[in-house]
1. I need the GluC sites (Glu not before Pro) found in region 1-42, filtered to DSSP loop residues with at most 13 other beta carbons within 10 Å of theirs.
2. Quote the FRET efficiency, to the nearest 0.05, computed for residue 270 versus residue 150 with a Förster distance R0 of 25 Å and r equal to the Cβ-Cβ distance.
3. DSSP loop chymotrypsin sites (Phe, Trp or Tyr not before Pro) in region 130-232 with at most 11 other Cβ atoms within 10 Å of their Cβ, which ones?
4. What ³J(HN,Hα) values, in whole Hz, does the Karplus curve 6.51 cos²θ - 1.76 cosθ + 1.60 give for region 172-184 when θ = phi - 60°, with x put for Gly and Pro?
5. In a shell of Cβ-Cβ distance under 11 Å around residue 130, excluding residue 130 itself, what net charge do Lys and Arg (+1) and Asp and Glu (-1) give?
6. Per residue, how much accessible surface does the chain expose to a 1.4 Å probe? Answer in Å², no decimals.
7. Taking loop as defined by DSSP and a crowding limit of 10 other beta carbons within 10 Å, which trypsin sites (Lys or Arg not before Pro) in region 182-278 fit?
8. Once every DSSP H run of n ≥ 4 in the chain is given -39500 (n - 2.57) and the sum is divided by its residues, what mean residue ellipticity at 222 nm do you get, rounded to the nearest 500 deg cm²/dmol?
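The values are calculated or read from the model by the stated rules, or taken from the named source; none is laboratory data. It should be emphasised that the depicted structure is a prediction, and the values quoted were computed from it without experimental measurement. Note: ideal-geometry Cβ built from the backbone for every residue, glycine included; neighbour counts use all protein chains shown. In case anyone asks, the SASA skips ligands and DNA or RNA and just uses the protein heavy atoms, side chains included. Shrake-Rupley method; radii C 1.70, N 1.55, O 1.52, S 1.80 Å.
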Amino acid sequence: MTEQRVKVAAVQFEGVPGRVADNLERLRPWVARAVQEGAEVIALPEFFASPLPFKQVVHDSVMRADNPAVAFLRDTARRHGVTIGGSMLIVEGDSIYNRYHLVEPDGRIHLHDKDLPTMWEGAFYGPGADDGVFDTALGGVGTAVCWELIRTGTAQRMLGRVGLVMSGTHWWTVPDNWGGLTARALARLAAQNRRMSDQAPSQFALHLGVPVVQASHCGQFDTDFMLVPGWRKTLPYRTEFVGATQIVDAGGQVLARRDTREGPGLVMASVALGQRAP
């Protein structure tokens, strides 16, 4: 049987917290370039409508289901005949979710709510409960957002059911403004965190035996940091995004990569859809 190959792209992006319209304008040129260079599948980062520092302004990026960011995905998919995906904060009833939207060329939208918030993300949204596996024109496609890539439960619910995984990440590191003593104390944790973020897509691909496409935020950001539950006092926390925007094949080999320290950009590669021995 002839293998099905598709050209995929992933966008690395530096956004502005709370400013959805501005962030969509920043993304448009990269998406347009991916289309011009023949991409059939395009991955955007987690929280592509707005980065997520622990700041009040993030609430300005919480949207209802029908919103400009979803319209951007749907219009791009229909106009250019591509499959495109990324996550944003969506309010539904009394709850807010980190909801990944995967949009097909015919306008169909598949939804996945990230399973668990990480650190201060828990101040903005709650856990989802779906499996993140979609039946698409490309076959089975899984979505795993950021730290979902390092959970065995994510792999277990996708194993044998998908031929491609779409991922977006918003993975930061330890603070760099808490002094030399703190930096030395956290050095081992920082190194482990950076290594894990670098290797997560490849490791996930190996566990499933399918290609993984991951898009990341990049750059430095300032946020607040709460120390004690119930105490509103915060510390300033300056940090940066780590890891890389990357495309890996079913054997975990990196086909294209852009480190977060390289700034905004685009990576592209051709991948074979379908599962090999995990």
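1. Numbers: sites: 3, 14, 25, 37, 40; in loops: 3, 14, 37, 40.
Of the GluC sites (Glu not before Pro), the ones in loops of region 1-42 whose Cβ has at most 13 other Cβ atoms within 10 Å are 3, 37.
2. Numbers: r = 26 Å, r/R0 = 1.06.
Efficiency, from the Cβ-Cβ distance: 0.40.
3. Values: sites: 134, 147, 171, 172, 178, 204, 221, 225, 231; in loops: 171, 178, 231.
Those satisfying the criteria are 231.
4. 10, 10, 6, x, 10, 10, 9, x, x, 5, 5, 4, 5
5. Values: positive: 99, 114, 157; negative: 113, 115, 131.
Charge balance in the 11 Å sphere: 0.
6. On the way: 12180 Å² over 278 residues.
Per-residue value: 44 Å².
7. Numbers: sites: 184, 188, 194, 195, 232, 233, 238, 257, 258, 261, 276; in loops: 232, 233, 276.
Those that pass, being in a loop and sparsely packed, are 232, 233.
8. Details: 5 runs with 65 residues, N = 278.
-7500 deg cm²/dmol, from helical runs alone.
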